[in-house]
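A short write-up of the structure that comes next.
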Amino acid sequence: MFSGNQTEIWVIRHGLSTSNVRKRCQGSSDASLLTEEGRQAARLTGEALRDVKFAAVFTSPLRRALETAQNLSLAWPHPSPGISVDSRLKEISLQDWEGLSFESIADHFPWQYGIWKSAPHLFCQRSAAGAVRFPVTELFECARSFLSEVATALAGKRALVVTHGGTGRALILSALGVGPEWFNSIQQSNLGLTVIGLPNAVSRQASLEVLNATPHLGSAPPKLKAGRSGLRLVLQAVEEGDGSEPARLHRISRGCRLDPGNMTGGPELLVSGSESVLAWILRAIDDREDTSLETLLAQAAPALLTPILSRVFRVDQRFLAGLRLRAGTFTVLHYPGSSGAPILQTANVWLSDSGADRRGPASACVPKGSELC
């Protein structure tokens, strides 16, 4: 799975919190607590990872993350590594926004909220002392500092990091050499698992093995973060090949539940050639609506899907250089509304019937081929 004895970082966002339920901004406030649902899901995730050997476990000091790490470890055989608290893993500091509903933020801070959504690297607030600060840029600086230290201290080993949605995205993007302007381009769900390999002297390119895997929670693909409208594009890498085989395209009926264990849709359309497949997908993206959600399923060899992904997901090319689609996995993009920028919800997640490790219903979140101990 990894090459050149890379350091592995397994990133997990904390479980469902009280502020998540109330749809309120949490930021670096420690007022939000883990819910019972969040605790149960953390234990389920810990069970999925019980056979994975970590050299170290790190967590944010905020209670919702620390309690998640503690519940994860309940399922692990002993001895297991102790939990190290690192303040650089705290969630982004959003000052006056913290504790407010997102609707209230959009109403009372419309200009700032627009920048937060469209150009997060330019988003700024004033500190209590009146100084201008850039919260997303600060978050990325903390992420880079943490990754640099871990890459040296745990060279060639595996670490688990329990953190927050914003911090998790900053860690993932920073590891791949991508800047804060792409902060909103990926999703990190509650207890979603991401696995990255850090670059080193042998493997200069970081690798993104899995992004935001949630099958162990019974949610595959992850729940939509940006509303149930627009287009959800599912890329299913079905087999290895040279890309000359035709792609199978399906429009899945509105309102139908997407079952990753049975990836079939409406009438099947066979399309040959990456440009023809791309044109078909781009037409579906252009036709998406504000009032409903449609799902488009494209089944093809990784060799055909990879160049298509680079065309429909406009992101820093260093991100895509680290992501190699693997046969037997699915990758999901959401295009919110009629004009929203795409969000990569999940990538390289193994299907329930793909031959992934099967030590229980939660084990689908463990990347296939991972050396577990």
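The values are calculated or read from the model by the stated rules, or taken from the named source; none is laboratory data. In this text, all values refer to a predicted model and were calculated from it rather than measured experimentally. Heads up, the Cβs are rebuilt from the backbone with ideal geometry, glycines too, and the neighbour counts pull from every protein chain shown.
Here are some notes:
- Summed over segment 278-331, the residues that are of a type in the set (Gly, Ala, Ser), farther than 25 Å from Trp350 by Cβ and either at pLDDT 90 or above or crowded, with 22+ Cβ neighbours inside 10 Å (or both) give a count of 2.
- All told, Glu275 falls short of being assigned to a loop (DSSP other than H, G, I, E, B), surrounded by fewer than 22 Cβ atoms within 10 Å (Cβ to Cβ) and over 21 Å from the mean Cα position of the chain (by Cα).
- Restricting segment 129-143 to residues that are among the aliphatic types (A, V, I, L, M) and free of Cβ contacts under 8 Å to residues at least 12 places away in the same chain leaves a set whose member that is nearest to Leu171 (Cα to Cα) is Val132.
Conditions (1) polar (S, T, N, Q); (2) free of Cβ contacts under 8 Å to residues at least 12 places away in the same chain; (3) in a helix (DSSP H, G or I), marked per residue:
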| site | (1), (2), (3) |
| --- | --- |
| Pro79 | no, yes, no |
| Ile92 | no, no, no |
| Ala106 | no, yes, yes |
| Gly114 | no, yes, yes |
| Ser145 | yes, no, yes |
| Glu149 | no, yes, yes |
| Val161 | no, no, no |
| Ala170 | no, no, yes |
| Asn184 | yes, no, yes |
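- Boolean, Ser338 is surrounded by fewer than 19 Cβ atoms within 10 Å (Cβ to Cβ), modelled with pLDDT under 90 and touching an Asp or Glu at 6+ places or on another chain (Cβ under 9 Å): yes
- The condition (being modelled with pLDDT under 80 and in contact with a Gly (Cβ under 8 Å, 6 or more places away or on another chain)) is satisfied by just one residue among Ala237, Ala226, Ala213: Ala226.
- Counting the residues of segment 29-70 that are in contact with a strand residue (DSSP E or B) (Cβ under 8 Å, 6 or more places away or on another chain), closer than 19 Å to Gln188 by Cα and polar (S, T, N, Q) gives 6.
- Positions within segment 123-143 being under 19 Å from Phe109 (Cβ atoms) and either among the β-branched types (Val, Ile, Thr) or assigned to a helix (DSSP H, G or I) (or both), in sequence order: Val132, Pro135, Val136, Thr137, Glu138, Leu139
- Contact map, segment 231-251: first residue on the phi > 0 side of the Ramachandran plot, second residue part of a strand (DSSP E or B) and surrounded by 15 or more Cβ atoms within 10 Å (Cβ to Cβ), Cβ cut-off under 8 Å, separation 6 or more or different chains; pairs are Gly243/Ala300.
- Within the set Glu8, Glu91, Glu37, the sole residue that is modelled with pLDDT of 95 or more, over 30 Å from Gly197 (Cβ atoms) and of a type in the set (D, E, K, R) turns out to be Glu37.
- Every residue from segment 19-56 that is surrounded by fewer than 23 Cβ atoms within 10 Å (Cβ to Cβ), more than 21 Å from the chain's Cα centre (by Cα) and polar (S, T, N, Q): Ser29, Thr35
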